[in-house]
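Written out below as structure tokens is the structure these notes cover.
What follows draws every value from the coordinates through simple rules; no lab data is involved. Worth saying up front: this structure is predicted, and the values here are computed from it rather than measured. Using ideal geometry, Cβ is built from the backbone for each residue, glycine included, and neighbour counts are taken over all protein chains shown.
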Amino acid sequence: MKAILEGLLFVVGDEGITKDQIKSILEIDDEELDEITNNLNSDYESVERGISLTVFGNRLKMITKKEHKEYLQRLIDLDDNDTLSDSALETLAIIAYNQPVTRLVVDEIRGVSSSHMVRKLVYKNLICEVGRAETAGRPILYGTTDLFLDYFGLKTLSELPEVNIELKDEELELYDSKYVENIE
């Protein structure tokens, strides 16, 4: 159960996961959740681990340890060059065409967590916070910056090329997998 909880925390990323969601998914009660959480937290307290488990209100999240901040900053600085990775370009395109947009919407479109890419794009000043959504939790809305326009040689967002996406029938059923697990 501890490993499953760790996997859940990894998948939800920056958003975290509520205790009620965990109890529902794992089919456990408060006492079992506390035990699993305490065991996982004990593992993370080791100096050999780079992450820790924290609770914000009713949400559990994995975060990096503060004592590693210097090295995490180096990672961001290392990537501070003029080229953008495919993941960064994909994230940037989604934000440019859907702005203002929350990171969660970007995640849903990409199919993977975009928290790292969003942070990098904010750091590079290609996107910025443009407000807060009027939904539960008031998530941050992101939009492009003037530097984004300059970077891509655009005068206005209306100069973005039109995008027409036609999905094939098999792409429409995203949750119907052709994968069959072989259990022996």
The chain - percent relative contact order, Cα under 8 Å, separation 6 or more: 14 percent
Packing-ranked peptide list from 148-161, 5-18, highest mean Cβ count within 10 angstrom first, is 5-18, 148-161
Set the Förster distance to 22 Å, then compute FRET efficiency between ASP86 and ARG119 from the Cβ-Cβ distance, nearest 0.05. 0.80
Which pairs break 32 Å Cα to Cα here: LYS23/LYS124; LYS19/LYS65; LYS23/LYS65? LYS23/LYS124
Interchain or sequence-distant (5+) residues whose placed amide H lies within less than 5 Å of the amide H of PHE152 are none
The set of residues whose placed amide H lies less than 5 Å from the amide H of LEU160, leaving out same-chain residues fewer than 5 positions away, is none
Percent of all alpha-carbon pairs of region 2-67 at distances over 21 Å, whole number, is 15 percent
Unit charges on C-beta of K, R, D, E only; dipole of the chain, Debye: 860 debye
Where in the chain are the DSSP H helices whose C-alpha atoms run 15 Å or more along the long axis and whose mean Kyte hydropathy is at least 0.5? 2-12, 86-98
Dimensionless Rg ratio for the chain, taking C-alpha atoms and the 2.2 N^0.38 Å reference: 1.23
Could you work out how much longer the chain between ASP34 and PHE152 gets when fully extended? Use 0.36 nm per residue separation minus the Cα distance between them, nm to one decimal. 37.5 nm
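When a/c reaches 1.5 or more, the comparison of a/b and b/c decides; with that in mind, is region 35-120 rounded, prolate or oblate per its Cα gyration tensor?
Note, shape of region 35-120 comes out oblate.
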Answer check: region 79-163, Cα atoms, Kirkwood Rh, Rg/Rh ratio of 0.95
